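In what follows, a single structure is set out as structure tokens and then discussed.
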Amino acid sequence: MSLFKKNSADAQTPAADKSGLKESLQTTAQRHSSRKGAFSAGLTALAVAAVVVFNLIIAQLPDTATQFDMTDSKIYNITQTSVDYLNNVTEDVDIHVLADKKSMDSRIVRFLDKYVSLSDHLSLDYTNPTVYPSVLTKYNVDANTIVVACADTGRQETINIGDIIGYDQMAYYYNNQYTETSFDAEGLLTSAIDGVLTSSSRAVYQTTGHDETAIPISVESLFKKDHMTVASVNLLTDGGIPSDCDLLILNDPTRDLANDELTMLQNYLAKGGQVIYCMAGKNLSLPNFEKLCAGYGMNVTDGMIADTQHYYNNNPYLFFPTVDNNVDAAQGVFSDSTILVYASRGMTISSPSRKTIEVKPFLSTSSGAYNVVDENNKTAGTYVVGAVATEQIDDDTTARLTVYGSDSMINSDITNSFTNLSNNDLFMSSATCGFPDISSINIEPVSLTDPTNTITTGGIWAALYIFVIPAAVMIFGFIRWMRRRRL
């Protein structure tokens, strides 16, 4: 019995040891787990504290440092033109927004904040005219207006907030669809600031009475940004060219000048006037207009221009002329800027009627162009579709006659269809280069429409996609088929 009990006790000893070891291991594991939990909790608390501190630091930064332009149109990317201009501003300019900030388009509010951060001389404030109606009387404006004022010059400019975001008026009128087309905050603001800091202004007149086409609203807006007013005049019924006319525009006339009107223009230019003539996109015989051009060294051809090398969409009458920006009229664009011309007349350069007149072409076709009168009358050559003639009248006065072969240079049907064109830039460059006191800091609105790529070498791309690529695919497929057949 005693032997059995001893053996039984001895048999139970290892079990007791195992139980103790198990408890020891469990205790150690719990300690490690507790330490690990404490470490994790501490690390989590440290991370939360770091996030809180980071957010507090970021909250102190201006919006311009924490917000990024993620829009497709990049409406918050302010151009270098405005940046350079604002860097040179030395007077204080106040921007008063007379509208309810909470109801304004958030894009405009954000842009204003970013814009005023570019200069220490700009200040921005909002006043709700519903709460403080006297502010409208103070500035003599309506509600929803931005007033740009400078105390040093005593001048103010106004911007209608509704003009900042443009929309397709035709789509709204016919289909009741509100389609946004442009965002013009930067252009309007920079122009307004320039307006209160400078006193230069010019008067532009466009003629009527010859079935002309009025210059587009977009171009008129560009003139306004350059502080140039636009009005209409009938040379016969309104007593001739107004005395305050700085620039006269004849856009797309389809009826000829009267003899008296031709004399008016010739006398106006002889005294140092400036004229822009955009020919009609038709093969019309207008002898007095042609006589005016010929006197300044630009002979109008008797047909329409077709360019068989630089055409677009398989239409040689819709082509891309070559730009010579060494001529002052075209210095506002780059030599590789995309200019698109449709239904243009052509010109050849000859000797002007006076030796004091100098004529320079700045838009020309390729060498593969034709002057087309009809199917049986085509003359190959290189033709001018944009030129300027200047004459020095005295030390301070220079006459300028700028001629375009077509009104398509500023035709909204073309400029609205291709947002990457520089047609308006070129036209405005030729219109303002004769006025050294005009700053010409024109900034085009940002397009909110889907951009359209314009291919200047349509023939090459057409051959590539229609012939080369399909042929390459077929040859590759045939070779693969032959190899697999041999296997």
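Spin-label pair Thr398-Gln177: with each label point 7 Å from Cα along the Cα-Cβ axis, the two points sit 4.7 nm from one another. The ranking of Leu340, Leu426 from fewest to most other beta carbons within 10 Å of each one's beta carbon is Leu340, Leu426. Net charge of the neighbourhood of Glu391, taken over other residues with C-beta under 13 Å away and scored Lys/Arg +1, Asp/Glu -1, is +3. Under the rule a/c < 1.5 gives rounded, and otherwise a/b versus b/c splits prolate from oblate, where does segment 122-204 land using the Cα gyration tensor? Taking the square roots of the gyration eigenvalues as a ≥ b ≥ c, segment 122-204 is oblate. Remark: spin-label model distance Asp100-Asn283 equals 6.2 nm, labels positioned 7 Å along the Cα→Cβ axis.
For segment 69-198, taking the reciprocal of the average inverse distance between every pair of different Cα atoms yields a Kirkwood hydrodynamic radius of 15.7 Å.
Net charge around Asp142, counting only other residues with Cβ within less than 15 Å of its Cβ (Lys, Arg = +1; Asp, Glu = -1)?
Details: positive: Lys138; negative: Asp100, Glu157, Asp163.
Residues near Asp142 contribute -2 overall.
Annotation: segment 202-438 has a Kirkwood hydrodynamic radius of 17.8 angstrom, from the mean reciprocal C-alpha pair distance. Packing-based ranking of 122-130, 404-412 yields 404-412, 122-130, ordered from highest to lowest mean Cβ neighbour count within 10 Å.
Stretch Ser353-Asn420 to full length: gain in nm at 0.36 nm per residue minus the Cα-Cα span? It would help to have the intermediate numbers written out before the result.
Working: separation 67, 0.36 × 67 = 24.12 nm, distance 3.88 nm.
Between Ser353 and Asn420, full extension yields 20.2 nm more.
Evaluated on segment 312-400, the Kirkwood hydrodynamic radius is 14.7 Å, with distances taken between all distinct Cα atoms.
Figure the gain on full extension for Tyr126 and Thr90 (residue separation times 0.36 nm, minus the Cα-Cα span) and round it to one decimal in nm. Display every interim value, and only then the final one.
Working: separation 36, 0.36 × 36 = 12.96 nm, distance 2.32 nm.
Difference between extended and current length: 10.6 nm.
For segment 278-283, putting each phi into the Karplus relation 6.51 cos²θ - 1.76 cosθ + 1.60 with θ = phi - 60° gives couplings of 9, 5, 6, x, 9, 8 Hz, in residue order, rounded to whole numbers and with x for Gly and Pro.
FYI, it's all coordinate maths here, none of it is from the lab. Please read all numbers here as calculations on a predicted model, not as lab measurements. Note: ideal-geometry Cβ built from the backbone for every residue, glycine included; neighbour counts use all protein chains shown.
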